[in-house]
Amino acid sequence: MRILLKLSGEALAGDKKTGFDEETVRKVALQVKELVDNGTQVGIVIGGGNFWRGRTSENIDRVKADQIGMLATIMNCIYVSEIFRSEGMMTNILTPFECGSFTKLFSKDRANKYFAHNMVVFFAGGTGHPYFSTDTGVVLRAIEVEADYILLAKAVDGVYDSDPAKNPNAKRYDVVSINDVIANNLQVVDMTASILARDNKVPMRVFALQEENSIIKAAKGEFNGTTVTTD
């Protein structure tokens, strides 16, 4: 099985909200190691929100703001990759543009070669273009490397019919179709990513990262969260 795990930058920061919380990242690493040791191929995309949210800035050109965000995701992947290595895993980082010796240039063949050698593959730098989020990046990479599932590790424990932080009566879906996600703007991922997932039939599992062994449970399909189907 091949999965693509999306982690938010904020989740890596823990309670600090910015930067890194090493203990949080180490817990993620130990879960991923268990999956890899049992034969699952794991790719990872990480957001950059623990360093930069360019869309909140009104004084910086959008293209430049998005470029800063791409670099934030690369910093996150370098850091997390090193924590993974300290736990005994082999890793590589792929980007859609050259970053000197920091990363390797993305290609499907290169990613497949790394997967075949039991490496955890980090897909950093988004799509390489402005105006596309890491949501779109993770769906795009999942399609390209033919992942079986996207695992979306979030701060909330699934997909709700309204914002649970604002509506105490919000209903969580155990299963929801991507068509309903789009029709009702449920914001599992952004609209561009949702349509890309629908058109290419990429299923997703949405869960709360902070729950015990949440990544392992989501990979096995035995989790407390929401399955987004492609029906």
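The values are calculated or read from the model by the stated rules, or taken from the named source; none is laboratory data. Note that this is a predicted model, so its numbers are computed, not measured. With ideal geometry, Cβ positions are generated from the backbone for all residues, glycine too; neighbour counts draw on all protein chains shown.
Just for helices (runs of 4 or more DSSP H) wholly inside the range 1-94: which have at least 2 residues that are modelled with pLDDT of 95 or more, in contact with a helix residue (DSSP H, G or I) (Cβ under 9 Å, 6 or more places away or on another chain) and of a type in the set (S, T, N, Q)? I'd like the intermediate steps shown before the answer.
On the way: elements: 9-13, 22-37, 62-86.
Fully inside the range 1-94 and qualifying: 62-86.
I'd like the full set of residues that are modelled with pLDDT of 95 or more, closer than 19 Å to Ala218 by Cα and not hydrophobic (A, V, I, L, M, F, W, C), limited to the range 142-159.
Glu146, Asp148, Tyr149
What are the pairs with Cβ atoms under 9 angstrom where one residue, in the range 149-174, is free of Cβ contacts under 8 Å to residues at least 24 places away in the same chain and the other, located anywhere, is among the aromatic types (Phe, Trp, Tyr)? Sequence gap at least six, or different chains.
Note: pairs meeting the criteria are Asn167/Tyr160; Ala170/Tyr160; Lys171/Tyr160.
Listed residues Val175, Val159, Val139, Val189; which is buried (at least 23 other Cβ atoms within 10 Å of the Cβ), among the β-branched types (Val, Ile, Thr) and over 30 Å from Asn112 (Cα atoms)?
Working: Val175 fails: buried (at least 23 other Cβ atoms within 10 Å of the Cβ); Val139 fails: over 30 Å from Asn112 (Cα atoms); Val189 fails: over 30 Å from Asn112 (Cα atoms).
After ruling out the rest, the residue left standing is Val159.
Sort out which residues of the range 208-231 are more than 13 Å from the chain's Cα centre (by Cα), buried (at least 20 other Cβ atoms within 10 Å of the Cβ) and not in a helix (DSSP H, G or I), and write them in order of number.
Phe223, Gly225, Thr226, Thr227, Val228
What is the number of the single condition among (1) crowded, with 17+ Cβ neighbours inside 10 Å; (2) under 16 Å from Val138 (Cα atoms); (3) more than 15 Å from the chain's Cα centre (by Cα); (4) not aliphatic (A, V, I, L, M) that Arg205 does not meet?
The number of the failed condition is (3).
Mind checking whether some residue in the range 126-136 is modelled with pLDDT under 95, more than 16 Å from the chain's Cα centre (by Cα), aromatic (Phe, Trp, Tyr) and more than 23 Å from Val36 (Cβ to Cβ)?
Taking every residue of the range 126-136 in turn, at least one turns out to be modelled with pLDDT under 95, more than 16 Å from the chain's Cα centre (by Cα), aromatic (Phe, Trp, Tyr) and more than 23 Å from Val36 (Cβ to Cβ).
Might you check whether a residue that is in contact with a Leu (Cβ under 7 Å, 6 or more places away or on another chain) and within 16 Å of Val28 (Cβ to Cβ) occurs anywhere in the range 60-75? Outline the logic, then answer.
As a first pass, look at the range 60-75 and keep what is in contact with a Leu (Cβ under 7 Å, 6 or more places away or on another chain): none.
No: the range 60-75 contains no residue that is in contact with a Leu (Cβ under 7 Å, 6 or more places away or on another chain) and within 16 Å of Val28 (Cβ to Cβ).
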